[in-house]
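Working notes, structure below.
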Amino acid sequence: MSKLYGIGVGVGDPELITLKAIRKIKELDVIILPEAKNIGESTAYTIAKEYMKENVEKVAISFKMQDSWEARREDHKRNAVIVNELLEAGKNVGFLTIGDPMTYSTFVYIMELLNDGVEVETVPGITSFASITARVNIPLVMGDESMKVVGIAKETDIVKEIESSDNVIFMKVVRNLERLKDALRETGNMNNVVLISNCGKEDEQIIYDLENIEKDDISYFSTMILKKGGIEKWKRFTS
């Protein structure tokens, strides 16, 4: 019976793919390679390509990176048709995704549109926030501190999100960078953040001073840590 695998491959450093993900990739008949039209080649493919069988079928699908939910949903439906057809043909299909398949991933939008009876197995991957906190050696949460992960949307009240937690991971930073900086200034937290762009890649950037940073200076793959307890004492551990 055919099966769909959602496989997380980490966020940039090819050594952060799990052994289980490697094993599953080697067994697949078809590999789905999602890519954003305005980003270019699939990052997941770059990480996983050395583990693929020579004769594996590779199918690229694209997702528009835009604010309209209706437009994004049309992409989901169109790509789900492709995946369902491959599964109906009796093939074992793997959907590669950066980070973790169950965390801000396009995989889940395909999964919810699968035909009845399709078996799904998810192989977890290292999330962007787990990767970046390890990269800069800043603890994500300590003791009784609270922590939240916020994917910033147009309607997100960023000040409210900051005020309601001790530690905040901000995802989808690029499109909302100026709003985010304004909220950090308003809450007095400009010195309590670090932004990591392209973590684990050759063009990685670690940025503590956001004042003169604009959205064109950083990658779409950028994540920010806000730690109200301060990050200054941890900087000495960042190489």
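A few points about this structure:
- Reported count of residues in the range 109-154, each being open to solvent by 60 Å² or more (accessible area, probe 1.4 Å), farther than 16 Å from ILE196 by Cβ and among the basic types (Lys, Arg), is 1.
- When GLU85, GLU70 are checked against the criterion of being acidic (Asp, Glu), at pLDDT 90 or above and not in a loop (DSSP other than H, G, I, E, B), GLU85 stands alone in meeting it.
- Those strands (runs of 3 or more DSSP E) of the range 152-239 in which at least 1 residues are more than 19 Å from VAL141 (Cα to Cα), of a type in the set (Ser, Thr, Tyr) and touching a Ser or Thr at 6+ places or on another chain (Cβ under 9 Å), considering only elements entirely within it, cover 193-197, 222-227.
- If the condition is being open to solvent by less than 30 Å² (accessible area, probe 1.4 Å) and in a loop (DSSP other than H, G, I, E, B), then the range 3-16 contributes VAL9, VAL11, GLY12.
- Test: PHE95 is in contact with a Leu (Cβ under 9 Å, 6 or more places away or on another chain), open to solvent by less than 50 Å² (accessible area, probe 1.4 Å) and part of a helix (DSSP H, G or I): no
- LEU19 being modelled with pLDDT of 90 or more, more than 17 Å from ASN92 (Cβ to Cβ) and either out of contact with any Pro (no Cβ under 9 Å at 6 or more places or on another chain) or crowded, with 20+ Cβ neighbours inside 10 Å (or both): yes
The values are calculated or read from the model by the stated rules, or taken from the named source; none is laboratory data. Please read these numbers as outputs of a predicted model, since none were measured by experiment. Here the Cβ is made from the backbone with ideal geometry for all residues, glycine too, and neighbour counts use every protein chain on show. In case anyone asks, the SASA skips ligands and DNA or RNA and just uses the protein heavy atoms, side chains included. Shrake-Rupley method; radii C 1.70, N 1.55, O 1.52, S 1.80 Å.
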